[in-house]
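Chemist: Got a structure here, written out as structure tokens. Questions coming.
Read-outs: derived from the displayed coordinates by stated rules, not from any lab. Not measured: the values here are computed from a predicted model. Here the Cβ positions follow ideal geometry from the backbone for every residue, glycine too, while neighbour counts run over all protein chains shown.
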């Protein structure tokens, strides 16, 4: 089962920002300030979604190559690991967004 803690969601979000900006993970507290000049949240989300879909398609392609015998075991394991990590990241972000939405709904007006 995927870890849906706040820490896991924060790490997933940080990883998505770093991947989008092409930066190396630094773990610094000023990452948000550095990202101000970067893409908008919508652009970053669209980019992350596109990358997740591409990872899934690549994994399926490697699976098809494995069936025909054209892919090696290392390629298969790498593709499955990448697809699993991507899915866990997407689920962690989704769960955190749902939790944030529920917290907002509970706020008094």
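Chemist: Any idea how far apart residue 107 and residue 47 come out in nm if each label point goes 7 Å out from Cα toward Cβ?
Modeler: In this crude label model, residue 107 to residue 47 measures out at 2.7 nm.
Chemist: Moving to a separate point now. Show me 65-72, 76-83 ranked by packing, highest mean number of other Cβ atoms within 10 Å first. All intermediate terms of the calculation are to be shown ahead of the outcome.
Modeler: On the way: 65-72: 11.6, 76-83: 15.1.
So the order, starting with the most tightly packed, is 76-83, 65-72.
Chemist: While we're here: Exposure proxy check: 45, 73, 64 ranked by fewest other beta carbons within 10 Å?
Modeler: Working: 45 15, 73 8, 64 11.
Going from sparsest to densest Cβ surroundings: 73, 64, 45.
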